[in-house]
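Peer 1: Take a look at the following structure, please.
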Amino acid sequence: MPRLNPLRPLLVLTLSALLPAAAQTPDQAFLQRTQWWREAKFGLFIHWGVYSMLGRGEWVMHNEKIPIPVYEKLQPRFNPVDFDAPEWVAIAKSAGMKYMTFTSKHHDGFCMFDSKLTTYDSMNTPAHRDFVKELVDACHAADMKICFYYSLLDWHHPEYAKGRPGGEGDFAKYVEYMHGQLRELCTNYGKIDGIWFDGGWEHSAEEWRSKELIAMIRRLQPHIMINNRAKVPEDFDTPEQHVPGGALAGGRLWETCMTINGHWGYAKNDYSHKSVRVLVHTLVDIMGKGGNFLLNVGPTPRGKIPQEDIARLAGVGRWMAVNGEAIYGTTAGPFRVLPWGRCTRKGDTLYLHVFDWPAGPLEVPGLQNEILSARLLCSPEKVEFRRSANGWTLRGPEFPPDEIDTVIALKIRGEPRVEFHLEQADDGTVTLPARLADVHGSHARYESGGGKDNIGYWVDQSDWVSWNLRLKAGGKFEVQVTYACAPGSFGSKYDVVVGDQKVSGEVKSTGDWAKFTSVNLGTIELTAGKHQLAVKPTSMPHGAVMNLQKVLLRPLK
């Protein structure tokens with residue numbers, strides 16, 4: 001289980017955020033520098049470098065164990081004559097994107113900018129061009145925000161010895177070089193909106209001198225956003241190639257980065273491109289959980305974004321042109337789960353994203369607020385609404401006006417209030433998954449990716465989790481808990497509590513934090529109706545409770 005990073009709460013923007021930087025509190029400065037990002041929501045990631053010439057992805061040097069002298073032969077051949085920065089920006093804007101993140105230097109160490117600290121850069125190629133400068137100028141001209149990806153590790157630099165057999169490089173000298181390059185990037189290109197670190201996993205924050213580095217960057221670019229991959233939390237988290245199960249604890253900002261096919265850099269034989277439908281649904285899923293979406297393309301060796309990518313970005317852009325109101329500046333919707341789609345929110349408006357248009361009325365479960373109006377974003381056709389036993393029902397056109405995602409804007413009275421209960425399945429079982437749990441306390445939180453789908457970071461015995469559920473039929477239920485625990489952290493005891501009933505368990509080692517096992521704890525008897533089920537630790541001898549994936553109630557005949 002990784003050590004928990006401090007979380008910075010997302011506060012409500014106030015006029016105090018407009019104060020001069022010298023008069024701002026840290027929270028006010030955070031709100032000001034992140035405001036554009038929270039409005040923009042959707043960006044283009046670009047992985048491009050000399051590795052594109054081989055057409056096998058950005059890790060080709062490492063994966064194929066290409067020696068440095070052999071890999072260096074790509075530099076004198078790199079001449080992307082078709083690169084057109086304004087064209088790239090126009091493609092991103094047509095997709096509805098508001099910012100770009102460009103790989104100034106990837107793990108192979110080749111720099112796509114004019115660095116005075118190395119000759120291993122794009123100025124020392126037949127192209128003799130500073131691609132970072134051209135892209136920055138094009139973004140500034142088009143009112144597009146620009147961020148720089150920068151790899152902390154470097155497979156090429158002679159002093160970066162980590163991972164090289166027999167390597168004896170002077171890592172401190174490399175860190176000076178790395179700090180110097182980031183000083184160049186933050187000095188030579190005007191206003192920069194973000195630094196997206198990567199490759200920090202081989203060293204600690206102290207070894208990278210991350211706090212010193214970030215302080216320098218913020219002095220040079222006071223309003224810049226910085227991600228969490230220099231081993232310090234900074235402004236936002238970066239789930240990669242997956243979407244978290246819900247909003248992050250404490251209002252922590254996050255951005256899912258994802259490839260449009262199966263690779264980050266150009267891969268000439270990769271035709272696994274996601275469809276426009278999948279891309280829109282992924283975008284909306286992220287928006288409905290309060291995140292940002294950074295979608296990646298890998299341009300060709302000649303500097304063109306592949307046509308397959310352009311076609312899909314254009315398709316997303318057509319949907320965004322109609323429905324952008326339900327994306328830009330939105331926050332997570334108030335619903336834990338919706339059977340037909342997702343929900344985003346902006347002020348007193350809830351945007352219902354209907355992926356699966358119903359044959360009859362659309363059920364909006366648990367919404368307690370009064371609905372003042374309902375309208376389709378893509379059609380003038382009317383939407384009727386009325387109270388139901390479990391919230392509201394809406395009735396619109398017989399067929400979906402948008403086959404990908406039909407958006408209904410609901411204007412409501414007051415702050416959204418949703419009464420959420422997990423329902424009993426037809427076979428009588430009740431599944432209580434981690435992603436839908438209410439987490440009580442300061443440390444435990446939902447985590448996903450890397451085989452995980454659980455409540456983790458459970459390092460405080462006073463933290464606990466609960467679910468609200470509704471039974472159509474009562475009776476006796478067997479209680480089953482699914483969890484994982486690494487060796488050395490086992491031995492915690494816990495109760496599963498419903499009202500005045502409880503069953504207890506003790507956590508055993510499963511071999512790994514992502515290796516889950518299911519155990520039966522005993523039975524409880526419940527009546528039909530509403531209940532709360534809680535999991536509460538009673539002892540924690542080795543620093544962590546468990547990674548809790550789900551609780552299952554199985555009816556006994």
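Any read-out appearing in this document is the output of simple, stated calculations on the displayed coordinates, not a laboratory observation. Just so we're clear, the structure is a prediction, and the values are computed from it rather than from any experiment. We place every Cβ from the backbone using ideal geometry, glycine too, and count neighbours over all the protein chains shown.
Peer 1: Any idea what angle helix 171-187 forms with the longest principal axis of the chain, computed on alpha-carbon atoms, 0 to 90 degrees, nearest 10?
Peer 2: With rounding to tens, the tilt is 90 degrees.
Peer 1: Please return the longest stretch of the chain lacking exposed loop sites, where GluC sites (Glu not before Pro) count only if DSSP places them in a loop and at most 13 other Cβ atoms lie within 10 Å. Walk me through the numbers before you get to the answer.
Peer 2: On the way: sites that count: GLU64, GLU168, GLU202, GLU370, GLU381, GLU398, GLU403, GLU419.
Longest stretch, sites excluded: 203-369.
Peer 1: Would you please calculate the Kirkwood hydrodynamic radius of segment 111-165 over all C-alpha pairs and express it in Å, rounded to one decimal?
Peer 2: 13.1 Å is the Kirkwood radius here.
Peer 1: Can you compute 3J(HN,Hα) from phi for each residue in segment 197-209, using the Karplus curve 6.51 cos²θ - 1.76 cosθ + 1.60 with θ = phi - 60°, rounded to whole Hz and x for Gly and Pro?
Peer 2: 6, 8, x, x, 6, 7, 9, 7, 4, 5, 5, 6, 6
Peer 1: Right, next: Would you kindly derive the ³J(HN,Hα) couplings of segment 80-88 from the backbone phi angles with the Karplus curve 6.51 cos²θ - 1.76 cosθ + 1.60 (θ = phi - 60°), listing them in order in whole Hz, with x for Gly and Pro?
Peer 2: x, 5, 8, 5, 9, 4, x, 5, 4
Peer 1: List every residue whose amide H lies under 5 Å from the amide H of MET100, counting only residues 5 or more places away in sequence or on a different chain, with H placed 1.01 Å from N in the peptide plane.
Peer 2: LEU44, LYS145, ILE146, CYS147
Peer 1: Please state the shape class of segment 221-375: rounded when a/c is under 1.5, otherwise prolate if a/b exceeds b/c and oblate if not, all from the C-alpha gyration tensor.
Peer 2: Here segment 221-375 falls in the oblate category.
Peer 1: Further question on the same structure: Taking segment 409-557, how much of its Cα-Cα pair set, in percent, is spaced more than 18 angstrom apart?
Peer 2: Roughly 57 percent, once rounded to a whole number.
Peer 1: Treating cross-link reach as a plain straight distance, find the aspartates and glutamates whose alpha-carbon is under 12 Å from the alpha-carbon of LYS211, omitting any fewer than eight places away in the same chain.
Peer 2: The reachable aspartates and glutamates, counting only those whose Cα sits under 12 Å from LYS211, are GLU234.
Peer 1: To the nearest 10 degrees, how steeply does helix 307-323 sit against the main Cα axis of the chain, on a 0 to 90 scale?
Peer 2: 50 degrees
Peer 1: While we're on this one: List the residues whose amide H sits under 5 Å from the amide H of TRP392, counting only those 5 or more places along or on another chain, with H placed 1.01 Å from N in the peptide plane.
Peer 2: For TRP392, the qualifying residues are VAL364, GLY366, LEU367.
Peer 1: OK, next. So which lysines can LYS304 reach, going by Cα to Cα under 30 Å and dropping same-chain residues fewer than 8 places off?
Peer 2: The qualifying lysines are LYS41, LYS65, LYS73, LYS93, LYS98, LYS105, LYS116, LYS133, LYS145, LYS191, LYS268, LYS274.
Peer 1: Please list, in order along segment 25-35, the HN-Hα scalar couplings obtained from phi with the Karplus expression 6.51 cos²θ - 1.76 cosθ + 1.60 (θ = phi - 60°), rounded to whole Hz, x for Gly and Pro.
Peer 2: My calculation for segment 25-35 gives 7, x, 5, 5, 5, 4, 4, 5, 6, 9, 4 Hz in order.
Peer 1: Based only on the alpha carbon positions, what is the Kirkwood hydrodynamic radius of segment 43-321, in angstrom?
Peer 2: With all distinct Cα pairs of segment 43-321 included, I get 19.2 Å.
Peer 1: Filter the chymotrypsin sites (Phe, Trp or Tyr not before Pro) in segment 446-555 down to the DSSP loop ones having no more than 16 other Cβ atoms within 10 Å, then list what survives.
Peer 2: In loop regions of segment 446-555 (DSSP not H, G, I, E or B), the sparsely surrounded chymotrypsin sites (Phe, Trp or Tyr not before Pro) are PHE490.
Peer 1: Compute the long axis of helix 276-288 from its Cα atoms, compare it with the longest principal axis of the Cα atoms of the chain, and write down the angle in degrees, 0 to 90, nearest 10.
Peer 2: It works out to around 70 degrees.
Peer 1: Can you pull out the trypsin sites (Lys or Arg not before Pro) in segment 71-135 that DSSP calls coil and that have at most 15 other Cβ atoms within 10 Å?
Peer 2: The qualifying sites are LYS116.
Peer 1: Rounded to two decimals, what is Rg over Rh for the chain when you use alpha-carbon atoms and the Kirkwood radius?
Peer 2: Taking Rg over the Kirkwood Rh, I get 0.99.
Peer 1: Shifting gears a bit: Under 21 Å between alpha carbons, and skipping anything fewer than 8 positions from LYS550 in its own chain: which lysines qualify?
Peer 2: In chain and number order, the partners are LYS289, LYS452, LYS472, LYS476, LYS493, LYS502, LYS508, LYS515, LYS530, LYS536.
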